Each structure stands twice: as structure tokens, then as C-alpha cells.
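Provided herewith is a single structure, encoded as C-alpha cells, for subsequent inquiry.
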Amino acid sequence: MKSRVLSGVQPTGNLHIGNYLGAIKNWVRIQHDYESIFCIVDLHAITVYQPPEELRSKILEIAGLFIASGIDPKHSAMVVQSTVHGHAELSWLLTCVTPIGWLERMTQYKAKSQAQETIGDGLLQYPVLMAADILIYQAGIVPVGDDQAQHLELARDIAQRFNSLYGDTFVMPATSLPLVGARVMGLDDPTKKMSKSAAGAGHAVALLDEPGVIRKKIMRATTDSQPAVDFAHLGEGVVNLLSIFQGFSGWSQSRMEAHFAGMRYGDLKKQVAEMVVSHLEPLQQRYREITSDPAYLAGVLREGAERVSPIADATVRLVKQRMGLYTP
Ligand code: TRP
């Protein structure tokens with residue numbers, strides 16, 4: 001049996017080239033080697049207030065962008081989290097075996113709760129729901145960025161605690177993050193990872209940005225005080241631009257060095273911008289085709305939920321039995 005891979009994306013903000021090069025591109029590459037489930041985690045999104053109409057359209061946008069990026073919905077189940085009821089149900093069952101102290105320690109909770117006037121309980125529960133997403137499918141591999149490593153570790157701790165209280169029930173997800181690609185940094189600040197939630201118009205290139213906008217953002221990217229590319233002294237901003245180029249082109253390191261050594265930053269940026277535009281234009285074209293037929297996307301998401309629901313239902317039933325709940 002192929003091992004099961006699961007990952008999740010929140011339907012908030014704009015998917016950008018950092019998401020593409022760091023995650024989506026790898027999922028596309030490995031999807032056929034595994035039984036893959038891609039989850040659009042709308043229940044996670046509402047842990048901070050989302051305007052309902054925006055959330056509704058973001059869910060479909062993410063689904064469309066995944067398919068446009070090469071996720072094959074015939075092979076990989078694409079699922080909207082809230083449509084598979086077991087996620088919320090298992091989350092409650094796991095909440096009851098999770099010490100509050102474990103949750104209060106999470107760095108993402110601490111950061112996010114500082115930004116809120118009132119802290120919703122859901123923000124604290126966020127990692128329990130993520131553990132439920134993973135454990136409900138007994139997923140062995142969870143490709144996430146290192147910012148999610150602590151949440152993944154917590155999912156293992158919860159699984160272990162459940163197993164020791166109620167007997168072996170959950171498969172332990174691997175802690176290693178073997179499928180993570182390039183780490184793309186912010187164009188405006190190459191010391192920070194490119195983020196969907198960061199403000200700043202020049203921070204990220206969104207997958208749906210117009211070519212003119214893409215060029216403008218890349219031409220304005222932060223570099224350093226040198227005039228040209230010097231591989232012996234690469235500043236963070238230049239490393240970032242080169243790795244974006246390399247991520248899209250697939251060029252080897254030696255080819256990169258032969259081509260870019262000594263190139264002035266203005267020319268480097270032009271070439272990076274053209275490389276990005278040449279990859280995003282066809283992606284955007286596919287996206288427009290996919291989303292021009294709303295019935296198609298609705299069908300993909302319905303079929304994804306139908307495919308994974310039996311697995312989810314079986315896990316929830318087993319967990320209830322183990323805990324002594326009534327399971328007629
Ligand atoms: N917390 C993840 C993020 O913000 C999203 C997520 C939710 C997830 N559930 C998941 C990722 C399950 C992997 C597996 O990126």
C-alpha cells in the first residue's frame with residue numbers, strides 16, 4: 001500500500017510564489033508516489049474573523065490554483081475540511097486528551113494572540129484541529145514548512161498520549177519534513193519568509209498577479225549595496241532572487257553561476273521577472289479555464305470529500321469506541 005500524504009492550506013490571503021516553490025511544486029511532483037490528500041482548511045481560517053463572502057470565494061480560488069498548478073484531482077483527493085464532518089468531531093475528542101499547557105506554549109498561538117483584542121478559544125485549539133486533520137487519515141507524511149514543525153510535533157504528542165491512555169489507535173506521523181522545497185523570502189525584506197498574511201504591496205508575488213505587477217514588484221526587490229552579482233559575497237536579497245529563478249527554471253548551481261556571475265542587479269531582476277512571468281502566465285490561463293466552469297470545481301470538491309469520508313468516519317468510530325462513547 002502507498003503511504004498516505006496529507007497537507008493543508010488555509011483559504012486566506014493570496015497564494016504566492018513562496019507557497020508554489022516551497023510546497024505546491026513538490027506536492028505536484030510526488031503526488032503519484034503516494035495516496036495524497038490536500039485539505040483546504042476553512043475551519044482553521046475562522047480562528048480569526050474572515051468576512052464570509054471573502055472566505056467563500058477564497059476556498060474556490062485555492063482549489064482552482066491547486067489544479068492550475070498541477071495537482072491532479074483524479075489522483076489526489078482535494079477536500080474542503082468543513083465538508084468532512086469528522087475533522088471537527090475528532091478535534092473535540094482530542095481536545096479532551098490535550099493538556100492546556102501544551103497549547104499555551106505554541107509560538108504561533110503566542111504570536112497570533114498578541115495581535116488580537118479578544119482571543120478566540122479557536123486560536124488556542126488550532127493545533128488540536130490540525131492534529132485531527134492528520135490523525136483522522138492516519139497520514140504518515142505531512143509536508144509542511146518549518147514554521148509548522150512545532151504543530152506537527154504536537155500532533156505526535158497528542159497521538160502518543162491518546163495511544164497510551166486508550167491503546168494503540170493512531171499512526172505516528174513522521175517528524176521529518178522531507179518534501180520541502182525552496183524557502184522563498186519576502187521581496188521587501190529578505191530576512192523574513194514570504195508570507196500570505198504580511199502586509200506591504202512589495203512583499204510577495206501572488207500567483208494571480210498581473211505580469212506588469214510581477215515585474216514591478218521584482219524590480220523593486222531589496223538587494224544590497226553592491227552593484228552586481230558576486231557569488232563569493234551574496235547578500236540575502238540576491239540569494240533570494242537567484243533561488244526564485246532557480247526554483248522556476250530548474251537550472252543547476254553551476255549553470256546559475258556561469259550565467260549570473262558579475263551581472264548587474266538591474267539585469268538580474270529583469271531576468272528573474274521574465275522567468276516568473278513565463279511560468280505564471282500559463283498557470284493563470286489554466287486557472288481562468290478551470291474557474292470558468294463552477295460546476296467542475298464543485299464536482300472535484302464533492303468527489304474529494306466522498307473519497308476520504310469513509311477513512312475519516314472509520315477513524316472517528318474507532319476513537320469513540322476506544323474512549324467508551326456510545327457507538328450503536
Ligand atoms: N497550520 C497549517 C498552516 O498554516 C495548515 C494546516 C492545517 C495543515 N491542517 C493541516 C498543514 C494539516 C498540514 C497538515 O500552514
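The values are calculated or read from the model by the stated rules, or taken from the named source; none is laboratory data. Remember, predicted model here, so these are calculated numbers, not experimental data. So basically every Cβ, Gly included, is an ideal-geometry build from the backbone, and we count neighbours across all protein chains shown. Ligands, DNA and RNA are stripped out before the accessible areas are found, and what is left, the full protein with its side chains, is counted by its heavy atoms. Shrake-Rupley method; radii C 1.70, N 1.55, O 1.52, S 1.80 Å.
Might you check whether a residue that is more than 16 Å from the chain's Cα centre (by Cα) and within 12 Å of the ligand (Cβ to nearest atom) occurs anywhere in the range 27-35?
There is no residue in the range 27-35 that is more than 16 Å from the chain's Cα centre (by Cα) and within 12 Å of the ligand (Cβ to nearest atom).
So which residues in the range 19-45 are modelled with pLDDT under 95, open to solvent by less than 10 Å² (accessible area, probe 1.4 Å) and more than 17 Å from ILE141 (Cβ to Cβ)?
If the condition is that a residue be modelled with pLDDT under 95, open to solvent by less than 10 Å² (accessible area, probe 1.4 Å) and more than 17 Å from ILE141 (Cβ to Cβ), then LEU21 is the only one that fits.
Next question. So, in the range 114-147, of the ones that are in a helix (DSSP H, G or I) and away from the ligand (no atom under 15 Å from the Cβ), which residue ends up modelled with the lowest pLDDT?
GLN114
Of the residues ALA182, ALA206, only one is open to solvent by less than 70 Å² (accessible area, probe 1.4 Å), more than 15 Å from the ligand (Cβ to nearest atom) and in contact with a Ser or Thr (Cβ under 6 Å, 6 or more places away or on another chain); which?
Among ALA182, ALA206, only ALA182 is open to solvent by less than 70 Å² (accessible area, probe 1.4 Å), more than 15 Å from the ligand (Cβ to nearest atom) and in contact with a Ser or Thr (Cβ under 6 Å, 6 or more places away or on another chain).
Further question: I'd like to verify a number: residues in the range 239-288 that are under 21 Å from PRO190 (Cα atoms), part of a helix (DSSP H, G or I) and of a type outside the set (Lys, Arg), how many?
26
Still on this model: In the range 62-96, what residues are surrounded by fewer than 17 Cβ atoms within 10 Å (Cβ to Cβ) and among the hydrophobic types (A, V, I, L, M, F, W, C)?
Result: ALA88, TRP92, CYS96.
Given the criterion of a type outside the set (A, V, I, L, M, F, W, C), more than 11 Å from the ligand (Cβ to nearest atom), over 30 Å from LEU280 (Cβ atoms) and open to solvent by less than 40 Å² (accessible area, probe 1.4 Å), identify the matching residue among GLY237, GLY167.
Selected residue: GLY167, the only one of GLY237, GLY167 that is of a type outside the set (A, V, I, L, M, F, W, C), more than 11 Å from the ligand (Cβ to nearest atom), over 30 Å from LEU280 (Cβ atoms) and open to solvent by less than 40 Å² (accessible area, probe 1.4 Å).
Among the numbered criteria (1) in contact with a strand residue (DSSP E or B) (Cβ under 6 Å, 6 or more places away or on another chain); (2) in a helix (DSSP H, G or I), which one does LEU55 miss?
(1)
Report every pair of residues separated by at least 6 positions or lying on different chains whose Cβ atoms are under 6 Å apart, first residue within the range 128-140 and within 15 Å of ALA305 (Cα to Cα), second open to solvent by 20 Å² or more (accessible area, probe 1.4 Å) and within 10 Å of the ligand (Cβ to nearest atom).
Partner pairs satisfying both residue conditions: ASP133/GLY8.
Which of the residues spanning the range 97-123 are touching a His at 6+ places or on another chain (Cβ under 9 Å) and open to solvent by less than 30 Å² (accessible area, probe 1.4 Å)? First the steps, then the outcome.
Our first condition is that a residue be touching a His at 6+ places or on another chain (Cβ under 9 Å); within the range 97-123, this holds for 106, 108, 122.
Within the range 97-123, MET106 is the sole residue that qualifies.
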